[in-house]
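A quick write-up on the structure given underneath.
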Amino acid sequence: MIIDCDNDLQLLSRSCDIAIIGGGTVGLTIATSLSRAGFDTVVQESGGEFFESKSQSLNDAHVTSRPHAGIRDGRARVLGGTSTLWGGQLVRFSKLDLSDRPWANSNAWPITFSELTPYYKRVAEILGLAPYFDNEIAIWKRFGLTLPIETSDCEFFVTHWLKEPNIARHFSSDIRELTNLCVALHAHVTDIRCDEGSDSVSAISVHNGRGTSILLKPRVVIMANGTIEISRLLLLSAKLNPKTPWASNKWIDRGFQDCLDLKAAKVSILDKRRFGDVFDNIFLGGFKFQPKLRQSDEFLAKNGLLNIACSYQIKHRAAEISTKYLHSLLFNMESVKIAP
């Protein structure tokens, strides 16, 4: 169910199994999964059910060093979060992402790549992603195309696109029908409290923006409100309660940045058919896949680099649409395999 704390904050239950801060992609995916498993779950979303300027104004901040437009742009405080703005493109981590990268002053994650891998299939099922998630090369084989040639420096991969990119719409039935799932709108979490000498969260303070607040005491608190907001909330809580376990953690609000996206080169295509077979967007079974090229983990480690990936943007004339794209559409409509 959905409640609006702007109307009455007291509708928000003071006790629950799990409180999830943030009603975006991560928050709603976790919330529905836990609710389906029988846990009483409450989601606190600082925005409303639809986009509104008063909620967006909460993104405002003063940046003291390098300009950081991402503090405001590309972020949506609304049910569904930034999934209301994106196209639904997903890609898996690489082994190097979770490993030690001493050239970047980056330690390994506390979870290994092999531990994370089994969960991709579960997430694919929850989000309704297409098959081939574990075998992307099969996408090219499905069309009988020549497989891309990989080298020790570069490798091909595809990104997977959701049919419904808005996570709130994707889980709309769960949100409205699960009796043990409560999504609280205009619920601003402003403090995370721990008992003195304890590493466990004892309560969270929730405001409705009208001067009313309430203390919730869940068994478990999950922060799913995005890197920037998580940092701001932890810093604010540490300022209000200097003895919180993370108050002296130097890494809070550090070690992240916007994704750098730029046009790197202009490419002249010598063989359009062959190029299109590899890099055209693929539509298969109603799903979209986008082929991309990235530097291999070995190359990145050898040269002391972070992730580098690229895709190609091509301006087609109507008569130059690739055969594979047309055959993809026919395959979707007729559910038969058509050789290129």
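Each value in this text was obtained by applying a stated rule to the coordinates, not by laboratory testing. Fair warning: this is a prediction, and the values are worked out from it, not measured in the lab. Note: ideal-geometry Cβ built from the backbone for every residue, glycine included; neighbour counts use all protein chains shown.
The table below gives the values:
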| item | result |
| --- | --- |
| Residue among Leu235, Tyr119, Val158 farthest towards the positive dipole end of the chain, charges placed on Cβ | Val158 |
| Computed E for Thr179/Ile111 - FRET, C-beta separation, R0 30 angstrom, nearest 0.05 | 0.35 |
| Candidate values [x] 19.2; [y] 16.2; [z] 20.6, label of the one derived for mean projected area of the Cα convex hull in nm² | [z] |
| Pair Leu85, Arg122: separation of 7 Å Cα→Cβ label points (nm) | 3.0 |
| Percent RCO, i.e. relative contact order, over the chain, from Cα pairs under 8 Å lying at least 6 residues apart | 24 |
| Check: the chain dipole with +1 on Lys, Arg Cβ and -1 on Asp, Glu Cβ, in debye | 760 |
| Two-site label geometry, Arg72 and Leu306: point separation in nm, points 7 Å out along Cα→Cβ | 2.4 |
| Karplus-derived HN-Hα couplings along region 270-282 (A = 6.51, B = -1.76, C = 1.60, θ = phi - 60°), whole Hz, x at Gly and Pro | 8, 10, 5, 5, 5, 4, x, 4, 9, 10, 4, 4, 10 |
| Those residues of region 151-175 whose amide nitrogen sits under 19 Å from the label point placed on Arg142, 7 Å along Cα→Cβ | 156-165 |
| Bridge type composition, the chain - antiparallel percent by DSSP, nearest 5 | 60 |
| Thr146, Thr84 arranged by Cβ crowding within 10 Å, fewest neighbours leading | Thr146, Thr84 |
| Relative contact order %, region 102-203, counting alpha carbon pairs below 8 Å whose residues are six or more apart | 15 |
| Backbone HN-Hα couplings from phi across region 71-85 [Karplus 6.51/-1.76/1.60, Hz, Gly and Pro as x] | 5, 10, 7, x, 10, 10, 8, 6, 4, x, x, 5, 5, 6, 10 |
| Projected label distance in nm at Arg92 and Lys315, using a 7 Å step from Cα toward the beta-carbon | 3.7 |
| Surrounding net charge for Phe156, when Lys and Arg each add one and Asp and Glu each subtract one, Cβ distance under 9 Å | -1 |
| Segment Arg193-Ala247, length gained on full extension (0.36 nm per residue, minus Cα span) | 18.3 nm |
| Value of [θ]222 nm, deg cm²/dmol, for the chain, DSSP H segments ≥ 4, -39500 (n - 2.57) each, nearest 500 | -7000 deg cm²/dmol |
